[in-house]
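Novice: Attaching a single structure in structure tokens format; questions to follow.
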Amino acid sequence: MDFRLDIIVEYLPLILKGTLLTIGISIGSIVIGSILGLFIGFGKMSPRTLVKWPMNAYVHFFRGTPLYVQILIVHFGLIPLIIGKSDPIMAAITALSLNSAAYTAEIYRAGIQSISTGQKEAAYSLGMTHNQAMRFVILPQAIKRMIPAFGNEFIVLVKDSSLVAIIAAPEMMYWTNLMSGQYYRIWEPYLTAALIYFILTYSLSKLLNVLERKVA
């Protein structure tokens with residue numbers, strides 16, 4: 001197999017620039033998705049049907065439709081509707097955030113419901129309100145249990161960010177596809193992309209392992 005390092009060297013600055021954007025998009029999406037998912041998760045646990053039903057519908061929609069389709073809807077429909085024009089980076093962060101929120105909402109819900117009701121009753125017996133019990137008793141314990149699930153979601157999000165290349169967001173896969181198209185090569189661009197994604201996800205998994213040990 002004729003493996004050409006020269007075309008990797010030629011595109012490496014652009015691929016590294018795209019990698020930084022991939023990291024930025026992933027971090028921005030997981031932060032926004034986690035905040036939005038917190039509200040959705042609490043909404044799903046609400047006893048009020050008018051609150052619970054829309055949150056359930058949101059989660060079912062974003063978990064039941066392909067992220068590829070969601071990215072296209074956001075890029076060609078939602079973003080132009082809001083700002084009047086297309087913006088690939090904004091569309092990428094928005095689509096990934098909305099998708100991530102559906103999964104993080106389930107992480108919050110499962111984590112909170114995994115704490116025994118006795119903990120909440122003990123907090124009430126000490127005179128705490130519902131919000132105080134959630135803030136000082138339930139959530140601190142639940143978050144420790146959520147860390148592995150959040151780590152997995154972040155790793156998945158980093159890999160899923162490759163899909164935003166379809167809307168010409170100049171992240172890593174965008175430049176990789178350009179390299180492949182210019183030189184009609186397969187091995188060099190996609191093995192390079194695979195190696196970079198592996199480094200990102202492997203490093204992230206190691207950091208999460210350290211974090212899990214610290215909070216254990």
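The values are calculated or read from the model by the stated rules, or taken from the named source; none is laboratory data. Only a predicted model underlies this, so the values are computations on that prediction, with no experimental measurement involved. Cβ placement follows ideal geometry from the backbone for every residue including glycine, while neighbour counts extend to all protein chains displayed.
Novice: Pairs please, first residue from segment 144-172 and over 12 Å from Leu67 (Cβ atoms), second anywhere and not in a helix (DSSP H, G or I), Cβ atoms under 6 Å, 6+ apart in sequence or on different chains.
Specialist: From residues that are over 12 Å from Leu67 (Cβ atoms), the pairs are Arg145/Ser114.
Novice: Can I ask one more? Kindly indicate the residue of segment 50-86 that is in a helix (DSSP H, G or I) and of a type in the set (Lys, Arg) and also surrounded by the fewest Cβ atoms within 10 Å (Cβ to Cβ) among those meeting that condition. Lay out the reasoning, then the answer.
Specialist: Kept after step one, since they are in a helix (DSSP H, G or I), are these residues of segment 50-86: 50-64, 67-83.
Cutting the leftovers down to of a type in the set (Lys, Arg) gives us 52, 63.
On the way: Lys52: 14, Arg63: 12.
So the residue we want is Arg63.
Novice: Oh, and also: For segment 195-206, what are the residues that are under 13 Å from Pro148 (Cβ atoms) and surrounded by fewer than 12 Cβ atoms within 10 Å (Cβ to Cβ)?
Specialist: Listed by number, the list is empty, since nothing qualifies.
Novice: Sticking with this structure for a sec: Read through the list (1) small (Gly, Ala, Ser); (2) modelled with pLDDT under 95; (3) part of a helix (DSSP H, G or I); (4) surrounded by fewer than 19 Cβ atoms within 10 Å (Cβ to Cβ), then give the number of the only condition that Gly111 fails.
Specialist: Evaluating Gly111 over (1) small (Gly, Ala, Ser); (2) modelled with pLDDT under 95; (3) part of a helix (DSSP H, G or I); (4) surrounded by fewer than 19 Cβ atoms within 10 Å (Cβ to Cβ) leaves (4) as the failure.
Novice: For segment 32-49, how many residues meet the condition of being among the basic types (Lys, Arg), outside any helix (DSSP H, G or I) and surrounded by 14 or more Cβ atoms within 10 Å (Cβ to Cβ)? Explain how you work it out, then say what you get.
Specialist: Step one: of segment 32-49, the residues among the basic types (Lys, Arg) are 44, 48.
Next, from what is left, pick out any that are outside any helix (DSSP H, G or I): 48.
Those still in the list that are surrounded by 14 or more Cβ atoms within 10 Å (Cβ to Cβ) too: none.
Of the residues in segment 32-49, 0 are among the basic types (Lys, Arg), outside any helix (DSSP H, G or I) and surrounded by 14 or more Cβ atoms within 10 Å (Cβ to Cβ).
Novice: Quick check on segment 162-178. Is at least one of its residues touching a helix residue (DSSP H, G or I) at 6+ places or on another chain (Cβ under 6 Å) and within 24 Å of Val210 (Cα to Cα)?
Specialist: no
Novice: What is the number of the single condition among (1) surrounded by 11 or more Cβ atoms within 10 Å (Cβ to Cβ); (2) within 18 Å of Phe150 (Cα to Cα); (3) of a type in the set (Gly, Ala, Ser) that Ser180 does not meet?
Specialist: (2)
Novice: Do we have Asp6 as surrounded by fewer than 18 Cβ atoms within 10 Å (Cβ to Cβ), outside any helix (DSSP H, G or I) and not aliphatic (A, V, I, L, M) here?
Specialist: On the way: surrounded by fewer than 18 Cβ atoms within 10 Å (Cβ to Cβ): yes; outside any helix (DSSP H, G or I): no; not aliphatic (A, V, I, L, M): yes.
It is false that Asp6 is surrounded by fewer than 18 Cβ atoms within 10 Å (Cβ to Cβ), outside any helix (DSSP H, G or I) and not aliphatic (A, V, I, L, M).
Novice: I've got another one for you. Which condition number does Ala142 fail, the rest of (1) of a type in the set (A, V, I, L, M); (2) crowded, with 20+ Cβ neighbours inside 10 Å; (3) under 18 Å from the mean Cα position of the chain (by Cα); (4) farther than 21 Å from Ser203 by Cα being met?
Specialist: Every condition holds for Ala142 apart from (3).
Novice: Report those helices (runs of 4 or more DSSP H) wholly inside segment 127-216 carrying at least 2 residues which are at pLDDT below 90.
Specialist: On the way: elements: 130-133, 139-160, 172-183, 187-215.
It comes to 130-133, 139-160, 187-215.
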